[in-house]
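Asker: Quick one: structure below, then a few questions.
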Amino acid sequence: MSIRTLLVDDHTMFRQALRVMLELEEGIEVVGELGDGSKIVETVALLRPDVVVMDVSMPGMNGIEATRALRAKHPQIKVVALSASNYKQFIIEMMGAGAMAYVVKSAAGDQLVYAINSAAKGKTYLCPESATLLVDSNGLGLGPGGAATPLESRRLARRETAVLQLLAQGKSSPQIGKLLHIASSTVDVHRRNIMRKLELHNVAELTKYAILVGIADL
């Protein structure tokens, strides 16, 4: 029986090219497409795919948020993350949200097909580029179900995400403290924790990351 697959990517031409490629593969059936993650829960309920190929960086609801929402409502659905960036925190966030596999778009040929088949069988898979990145940087491994316990500790807490968003908007620590009703010194602690978790070193790098994951605008 074919693996029913839903494609979620905001780049129409890339998404259509993926569809053509996957429909040539025996054992994979593309049952639908979405341009963002905002209607992922309803669409999955309607189309009942086995696997969702999810772009990480999308406007509106990004792939991390969409995966989290999808897995909360439909925990049986397997998610394959697809990203233009082999960025460690993307891997961490997506696997922490419940994705079973991670593939960079530059390898979205045989690697994506392999990832879809692996995810459908309940097996975790990282494309070689992403696996090498994690191993070289921290020696991290993945635990049962696709989420690694060391990676989980690197996910941003809700308050940290709020601080990051405001930092990316150019707000100072006193301004952020006033907006979030916390002390300026607490904001500084959150900023240091965010930098440590993301392994970034200044506000410019934090801003770039916030834009990449869709929690701040250009």
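The values are calculated or read from the model by the stated rules, or taken from the named source; none is laboratory data. Small disclaimer: the values here were computed from a predicted structure and weren't measured. Here Cβ is always computed from backbone atoms with ideal geometry, including for glycine, and neighbour counts include all displayed protein chains.
Asker: When Gly27 is evaluated against the numbered criteria (1) within 27 Å of Leu133 (Cα to Cα); (2) touching a residue at least 40 places away in the same chain (Cβ under 8 Å), which criterion, by number, is the only one it fails?
Answerer: The single condition Gly27 does not satisfy is (1).
Residues are listed down the side, and each one gets a yes or a no for (1) closer than 30 Å to Arg158 by Cβ; (2) of a type outside the set (Lys, Arg):
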{"residue": "Val30", "(1), (2)": "no, yes"}
{"residue": "Met54", "(1), (2)": "yes, yes"}
{"residue": "Arg71", "(1), (2)": "yes, no"}
{"residue": "Tyr102", "(1), (2)": "yes, yes"}
{"residue": "Gly109", "(1), (2)": "no, yes"}
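Asker: Out of (1) touching a Gly at 6+ places or on another chain (Cβ under 9 Å); (2) surrounded by fewer than 14 Cβ atoms within 10 Å (Cβ to Cβ); (3) of a type in the set (Ser, Thr, Tyr); (4) modelled with pLDDT of 80 or more, the odd one out for Thr186 is which?
Answerer: (2)
Asker: Going by the conditions given, is Gly139 at pLDDT below 85 and either surrounded by 14 or more Cβ atoms within 10 Å (Cβ to Cβ) or within 18 Å of the chain's Cα centre (by Cα) (or both)?
Answerer: So Gly139 does not fit the description; no.
Asker: If the requirement is being buried (at least 19 other Cβ atoms within 10 Å of the Cβ) and part of a loop (DSSP other than H, G, I, E, B), which of these qualifies: Met54, Met58, Met94?
Answerer: Met58
Asker: Still on this structure, please answer the following. Those residues that are over 13 Å from Thr5 (Cα atoms) and either over 22 Å from the mean Cα position of the chain (by Cα) or of a type outside the set (Gly, Ala, Ser) (or both), I need them from the range 25-39; list them, please. Before you say what the answer is, go through the steps one by one.
Answerer: Initially, the range 25-39 is screened for residues over 13 Å from Thr5 (Cα atoms), giving 35-39.
Within the range 25-39, Asp36, Lys39 qualify.
Asker: Still on this structure: I'd like the full set of residues that are in a loop (DSSP other than H, G, I, E, B), among the polar types (S, T, N, Q) and touching a residue at least 40 places away in the same chain (Cβ under 8 Å), limited to the range 61-91.
Answerer: Scanning the range 61-91 gives Asn62, Ser85, Asn86.
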